[in-house]
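The values are calculated or read from the model by the stated rules, or taken from the named source; none is laboratory data. Keep in mind it's a predicted model, so treat the numbers as computed, not measured. FYI the Cβ positions are ideal-geometry reconstructions off the backbone, even for glycines, and counts take in every protein chain you see.
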């Protein structure tokens, strides 16, 4: 017959196993959601030369210039998006950006030259690891995402990012507000679970032990 202490140990062991199993299932579910989200979104990433005030300000000027250039060129000046024939809108966006990397670099370098910077920009399409980041009302899980990445000079400063496709780059950069139309575009390309997971704030686990 089990003694009281043995019963307590058994209960603790069962609870610990249940907790580990639950955490494992939750982690696997989050990983599946992240991969699904990553398949449908394209991020825009600008890395500043350094954390100096001047370099950080220039980073934002480059951001604005590149986003403006993409918006004008992508819509071909008449509101009709320049798309290749493809069933995947994100792949179409990647094709468009890949074909215009040199022009994107030119747009960024024009800003750098106007601001008297001695360094230049490098634009590329990469699959990059991003930590968990909140963007307006959305929290994007950590993981690997396709991104248009612009490195400025040594690219050692704080970065700026947004979701380039679907168009989720803040229309209100000052207050970090994503409008309803932008959220609707995002909802269209994600499953219900994926979309709702972005709107949930991540849980912060806190494990405490109490001794009796």
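Among the residues of region 137-190 satisfying the criterion of being in contact with a strand residue (DSSP E or B) (Cβ under 9 Å, 6 or more places away or on another chain), in a helix (DSSP H, G or I) and at pLDDT 75 or above, which is nearest to residue 32 (Cα to Cα)? The extreme case among them is 189.
Just checking, which of 98, 26, 92, 50 is under 24 Å from residue 187 (Cβ atoms), surrounded by 11 or more Cβ atoms within 10 Å (Cβ to Cβ), within 24 Å of the chain's Cα centre (by Cα) and at pLDDT 60 or above? Before you say what the answer is, go through the steps one by one.
On the way: 98 fails: under 24 Å from residue 187 (Cβ atoms); 26 fails: at pLDDT 60 or above; 50 fails: under 24 Å from residue 187 (Cβ atoms).
Going through 98, 26, 92, 50 in turn, the sole match is 92.
Being touching a helix residue (DSSP H, G or I) at 6+ places or on another chain (Cβ under 7 Å) and at pLDDT below 90 is a condition met by no residue of region 106-128.
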